[in-house]
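Novice: Here it is, the structure in full.
The values are calculated or read from the model by the stated rules, or taken from the named source; none is laboratory data. Everything numeric in this text was worked out from a predicted model, so none of it was measured. For neighbour counting, all protein chains shown are included, and Cβ atoms are generated from backbone atoms with ideal geometry for every residue, glycine included.
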Amino acid sequence: MERPPTGSGTEASAIERPSAPHEPPLSGERGGRAGAASGFGVGEARSGLIGWVAGRRPGPLLLCVGGLHGNEPAGVRALTAMIDDVRARRGRMAGDFVAVMGNMAALDAGRRFMATDLNRIWTPERVLRGRQRLEGGAGGRGGPAPTLEELEMVRLLRVLDAVALRRRGPVHVLDLHTTSGRGGTFASTADLPGYRRLALAIPVPLVLGLGEHLNGTLLDYLDGLGYATTVCECGQHREPRAVARAEAAVWIAIAAAGLLPAARVPEAAHGHRLLKADSAHLPRVLRTVHRHPITPRDGYRTLPGFRNFQRIQRGDLIGIDRRGEVASPRDGRLLMPLYQRLGEDGFFVVRDSGTVLPPPANDRAPH
Ligand SMILES: [Zn+2]
C-alpha cells in the first residue's frame with residue numbers, strides 16, 4: 001500500500017493556516033500539533049483544513065474533500081498543490097472555496113481506515129453520537145471509547161458546522177477518491193437534476209445510483225442537508241495521473257459552480273482536455289444495477305486482471321470467497337473490482353444509460 005510522502009517543507013508550506021486574516025477560524029478549534037497529521041506533512045491545524053478561501057463577493061460555496069479513505073491521498077495532494085493558486089484569485093471570486101482532509105489518521109498510516117470506514121459511518125444515529133461528543137454532552141461520555149474514525153467525524157462535523165454557518169449561497173460538495181482497480185475514472189452523483197450540472201461538467205463517465213447501494217457515506221449525510229454532492233474517482237490509488245485528474249476535476253468544479261468566470265480558470269479547459277482524453281472511449285452516463293457486498297468473513301478476492309468498465313456478462317466469474325465462485329448476476333460493465341484488503345464492496349455492475357440522461361427520480365434542487 002502506498003505511503004504518502006512525509007512532511008517536506010514544500011507541502012507543509014502550501015497549507016493554509018485557518019487563522020489567516022481573510023479566512024474564518026472554526027469554532028472550538030485548537031491549534032498546535034496535529035498528531036496523526038504530522039506524518040502526512042500537511043500542516044498543523046487539527047481542523048484538517050487545507051484551505052478556506054473566502055471570495056470578495058458572496059456566492060456559492062464549494063467544499064472539496066480529499067482522503068476520506070486514507071489509502072487514497074491523490075485528492076489531498078491535488079488540493080494542497082492548488083490552494084495557493086485558488087487564493088491568488090480571491091479578489092475575483094464569488095463565494096467560498098473550502099478544501100479539507102478526510103481521514104487524517106488513516107492518511108498518516110496509508111490505510112483505507114483504522115477501525116471503521118469513515119465513509120460508511122454517517123448514519124443518523126452515529127452522526128447524533130458524534131454531535132453529542134462534539135458538544136461534550138451525555139452521548140460523549142460514559143460509553144465505549146470512540147474509535148479513531150469517530151473522532152475524525154467529530155472534527156469534520158466542526159468543519160461542516162462552519163460551512164453551514166458561513167456559506168453565502170448554495171453549497172456544492174466534491175468528494176475526491178481513487179480505486180484499487182485500474183481504469184477507475186468516473187463521477188457519481190445522486191439522481192437529482194440540481195446535482196447534475198456540476199457532475200456533468202466533469203467530462204468523465206457519470207455513474208448514477210451508486211450511492212443508493214451504500215449506507216452511511218459522507219455524501220449521503222450531506223445530501224440530506226440539501227447540498228449538491230458529487231464523487232469523483234480519479235483513477236488507481238498509485239497512479240501519478242490521479243493527482244492531475246483530481247486537480248482537473250476541482251478546477252472544473254470551481255468554474256461550473258460559478259466561483260470564478262471560466263475566463264479566469266484556464267486550468268478548467270486544460271483539465272477538461274485531460275479528463276476527456278482518458279474517458280473518450282467510455283459511455284457518458286451509466287446506471288448502477290448491482291453491488292456485491294462483502295464482509296471480512298467472506299474472504300472475498302477478485303480474480304486478477306479486471307479493470308473498471310470492462311464488459312461482463314451474467315454468469316462471468318469475477319472472484320472467489322470461502323463459499324466458492326462469485327459470478328456476476330447481471331450483464332453490463334464491471335465497476336470498482338476490489339483489489340485491496342479492506343472494503344465492503346466486492347464489485348459493482350453498471351449499465352450504459354445512453355448519452356441522454358433518464359428522467360430524474362425527483363427534482364429537488366440544491367440549496
Ligand atoms: Zn475511496
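Novice: Output the number of residues of the range 266-303 satisfying the condition of being in contact (Cβ under 8 Å) with a residue 40 or more places away in the chain and of a type outside the set (D, E, K, R).
Specialist: Residues that pass the stated criteria total 16.
Novice: Assuming V265 fulfils every condition listed in (1) modelled with pLDDT under 95; (2) of a type in the set (A, V, I, L, M, F, W, C); (3) buried (at least 20 other Cβ atoms within 10 Å of the Cβ) apart from one, which condition is it?
Specialist: (1)
Novice: Could you tell me which residue of the range 108-125 is surrounded by the most Cβ atoms within 10 Å (Cβ to Cβ), considering only residues that are charged (D, E, K, R) and not in a helix (DSSP H, G or I)?
Specialist: From the range 108-125, those charged (D, E, K, R) are 108, 111-112, 117, 120, 125; that's our starting set.
Going one step further and asking which of them are not in a helix (DSSP H, G or I), we end up with 111-112, 117, 120.
On the way: R111: 17, R112: 22, D117: 19, R120: 17.
Ranking the candidates gives R112 first.
Novice: In this structure, is R273 basic (K, R) and touching a Pro at 6+ places or on another chain (Cβ under 8 Å)? I'd like the intermediate steps shown before the answer.
Specialist: Values: basic (K, R): yes; touching a Pro at 6+ places or on another chain (Cβ under 8 Å): no.
Here the answer is no, as R273 does not meet what is asked.
Novice: Within the bounds of the range 222-235, is there any residue that is assigned by TED's automatic domain parsing to the domain that holds I83, without any contact (Cβ under 8 Å) to a residue 12 or more places away in the chain and over 15 Å from T185 (Cα atoms)? Quick ask: steps written out before the conclusion?
Specialist: Just the residues of the range 222-235 that are assigned by TED's automatic domain parsing to the domain that holds I83, to begin with: 222-235.
Next, only the ones that are without any contact (Cβ under 8 Å) to a residue 12 or more places away in the chain stay: 224.
Remaining after also requiring over 15 Å from T185 (Cα atoms): 224.
There is at least one residue in the range 222-235 that is assigned by TED's automatic domain parsing to the domain that holds I83, without any contact (Cβ under 8 Å) to a residue 12 or more places away in the chain and over 15 Å from T185 (Cα atoms).
Novice: Hey, does the range 345-355 have a residue that's of a type in the set (D, E, K, R), outside the structural domain of S188 (by TED's automatic domain parsing), without any contact (Cβ under 8 Å) to a residue 24 or more places away in the chain and surrounded by fewer than 20 Cβ atoms within 10 Å (Cβ to Cβ)?
Specialist: no
Novice: Looking at R131, R155, which one is in the same structural domain as A255 (by TED's automatic domain parsing), farther than 18 Å from N71 by Cα, within 17 Å of the chain's Cα centre (by Cα) and charged (D, E, K, R)?
Specialist: Working: R131 fails: within 17 Å of the chain's Cα centre (by Cα).
One residue alone meets the criteria, R155.
Quick grid of which residues meet (1) closer than 30 Å to L303 by Cβ; (2) within 16 Å of the ligand (Cβ to nearest atom):
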| site | (1), (2) |
| --- | --- |
| P170 | no, no |
| L176 | yes, yes |
| T179 | yes, yes |
| G184 | yes, yes |
| R196 | no, no |
| L200 | no, no |
| G209 | yes, no |
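Novice: Let me ask something else. For E325, work out the one condition from (1) closer than 30 Å to D96 by Cβ; (2) surrounded by fewer than 20 Cβ atoms within 10 Å (Cβ to Cβ) it doesn't fulfil.
Specialist: Single failed check for E325: (1).
Novice: Another question about this same structure. Scanning the range 191-249 for residues that are surrounded by 24 or more Cβ atoms within 10 Å (Cβ to Cβ) and among the polar types (S, T, N, Q), which turns out nearest to R167 (Cα to Cα)?
Specialist: Ranking the qualifying residues of the range 191-249, first place goes to T229.
Novice: With the requirement that a residue be of a type outside the set (G, A, S), assigned to a helix (DSSP H, G or I) and closer than 11 Å to E152 by Cβ, what does the range 79-107 give you?
Specialist: M104, L107
Novice: Could you list all residues from the range 54-80 that are near the ligand (Cβ under 10 Å from one of its atoms) and of a type in the set (S, T, N, Q)?
Specialist: Scanning the range 54-80 gives a single hit, N71.
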